[in-house]
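S.K.: Encoded as structure tokens, here's the structure I'll be asking about.
The values are calculated or read from the model by the stated rules, or taken from the named source; none is laboratory data. These numbers were taken from a predicted model, which means no experiment stands behind them. Here Cβ is always computed from backbone atoms with ideal geometry, including for glycine, and neighbour counts include all displayed protein chains. Each accessible area value is taken on the protein alone, full model and side chains, heavy atoms only, with ligands, DNA and RNA left out. Shrake-Rupley method; radii C 1.70, N 1.55, O 1.52, S 1.80 Å.
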Amino acid sequence: MLTGVQILLLGGDARQLEVIRKLTELDATVTVSGFDGLHSSLDGAVHAEFDNSLFDAVDALLLPAVGTDDNGFIHAVFSDRQMQLLDQHIARLPKHCKVYAGMAKPYLRELCEKHQIGLVELFDRDDVAIYNSIPTAEGAIMMAIQNTDITIHGSTSMVLGFGRTGFTMARTLQSLGANVLVGVRRSEHFARAAEMGFVPFYTSQLLQNTGNIDLLFNTIPTMIVTAQIIANLPSRTVIIDLATKPGGTDFRFAEKRGIKAMLAPGLPGIVAPKTAGRIIADCLTQLITDDSIKRGNG
């Protein structure tokens, strides 16, 4: 239980509704701002105007998937009012407070470092990333079906990267009957991909492996699908880039070449917000519970 734990949640999207529900079920004291346009009620949570005083006596500050933008503005789909996280807000947080976000841009990192406030980036955690890879793969498959005139079954599909998302993406494609090529950088990933029945190759040999590709899914967040690579792809190829914005694809050249290429970060929150929200909520409640126990509140 989180009885007595003070939590401030600012902005976000449908995923945060699951977080609020779980926190209130555990008896945390939850104050929210940035939900004034929400038509349904948030049972157990207290709505408040965005104000400096909200940051006093807070044990945990919860921010959206991308904590703030480069100027401190907080994304809030349920409100038309702007919220900007400033130095003066972080300065008011108790020193034991932790700030939680999916990922943090330098602006938020620097604020937390300046005031010695702990910052937790949830999407860096293996458990969250692995769970999130499931709706990511499902969303990518949905996009592939919508943008091709062939079945996944029997297609020649390429996945670049064999990390947490790439692994699930390749396995999902394989289960649908695709012939899956996997571009890897490390020898252990090459071996694992081969063991699982994929066709592995090293990304240094990407150009030589692009001659007959129907679908290309990139998970590598650096420029890898370059103009040279795109020039070698069949015109029918569809590129779905799952890497963090700005992705790893030369989208300008793809458009010039007439190849369909889409940047699709954040798919969990788009295609399965309830599931994605539960993933975040489960991780958050465990982390906040652990912190509460350490402070002697549990």
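S.K.: Anything in the stretch 1-35 that is touching an Asp or Glu at 6+ places or on another chain (Cβ under 8 Å) and within 14 Å of Ile74 (Cβ to Cβ)? List them, or say none.
M.R.: Ser33
S.K.: Condition check: open to solvent by less than 10 Å² (accessible area, probe 1.4 Å) and closer than 24 Å to Asp124 by Cβ. Does Ile90 satisfy that? Let's see the steps before the verdict.
M.R.: Working: open to solvent by less than 10 Å² (accessible area, probe 1.4 Å): yes; closer than 24 Å to Asp124 by Cβ: yes.
Against the criterion (open to solvent by less than 10 Å² (accessible area, probe 1.4 Å) and closer than 24 Å to Asp124 by Cβ), Ile90 qualifies.
S.K.: Quick check on my filter: what residues within the stretch 5-17 are farther than 11 Å from Thr285 by Cβ and open to solvent by less than 50 Å² (accessible area, probe 1.4 Å)? Talk me through it step by step, then tell me what you get.
M.R.: Residues of the stretch 5-17 that are farther than 11 Å from Thr285 by Cβ, as a first pass: 6, 8-17.
Selection gives Leu8, Leu9, Leu10, Gly11, Gly12, Asp13, Ala14, Arg15, Gln16, Leu17.
S.K.: Find the residue count for the stretch 110-130, including only residues that are β-branched (Val, Ile, Thr) and either farther than 19 Å from Ile90 by Cβ or in a helix (DSSP H, G or I) (or both). Full working, then the answer.
M.R.: Step one: of the stretch 110-130, the residues β-branched (Val, Ile, Thr) are 117, 120, 128, 130.
Then drop every residue that is not either farther than 19 Å from Ile90 by Cβ or in a helix (DSSP H, G or I) (or both), which leaves 128, 130.
So the answer is 2.
S.K.: Okay, next question. Have a look at Val99, Val46 and point out the one that is at pLDDT below 95 and not in a loop (DSSP other than H, G, I, E, B). If you could, list the steps in order and put the result at the bottom.
M.R.: Working: Val99 fails: at pLDDT below 95.
Answer to the check: Val46.
Yes/no matrix, rows are residues, columns are (1) modelled with pLDDT under 95; (2) under 25 Å from Gly139 (Cβ atoms):
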| position | (1), (2) |
| --- | --- |
| Phe190 | no, no |
| Phe217 | no, yes |
| Ala227 | no, no |
| Thr244 | yes, yes |
| Leu267 | yes, yes |
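S.K.: Please report, ordered by residue number, the helices (runs of 4 or more DSSP H) entirely within the stretch 187-298 with at least 3 residues that are on the phi > 0 side of the Ramachandran plot, surrounded by 14 or more Cβ atoms within 10 Å (Cβ to Cβ) and within 14 Å of the chain's Cα centre (by Cα). Lay out the reasoning, then the answer.
M.R.: Values: elements: 187-195, 227-232, 251-257, 267-271, 273-294.
Filter on the stretch 187-298 gives an empty set.
S.K.: Identify all residues within the stretch 146-185 that are in a helix (DSSP H, G or I), open to solvent by 10 Å² or more (accessible area, probe 1.4 Å) and in contact (Cβ under 8 Å) with a residue 60 or more places away in the chain; write none if there are none. Reasoning before the result, please.
M.R.: Start the filter on the stretch 146-185 by keeping residues that are in a helix (DSSP H, G or I), which leaves 146, 164-175.
Right, trim to open to solvent by 10 Å² or more (accessible area, probe 1.4 Å) and you get 146, 164-165, 167-168, 171-172, 174-175.
The one that is in a helix (DSSP H, G or I), open to solvent by 10 Å² or more (accessible area, probe 1.4 Å) and in contact (Cβ under 8 Å) with a residue 60 or more places away in the chain: Thr165.
S.K.: Has the stretch 154-173 got any residue that is small (Gly, Ala, Ser), modelled with pLDDT of 95 or more and touching a Lys or Arg at 6+ places or on another chain (Cβ under 9 Å)?
M.R.: Yes, there is a match, as at least one residue in the stretch 154-173 is small (Gly, Ala, Ser), modelled with pLDDT of 95 or more and touching a Lys or Arg at 6+ places or on another chain (Cβ under 9 Å).
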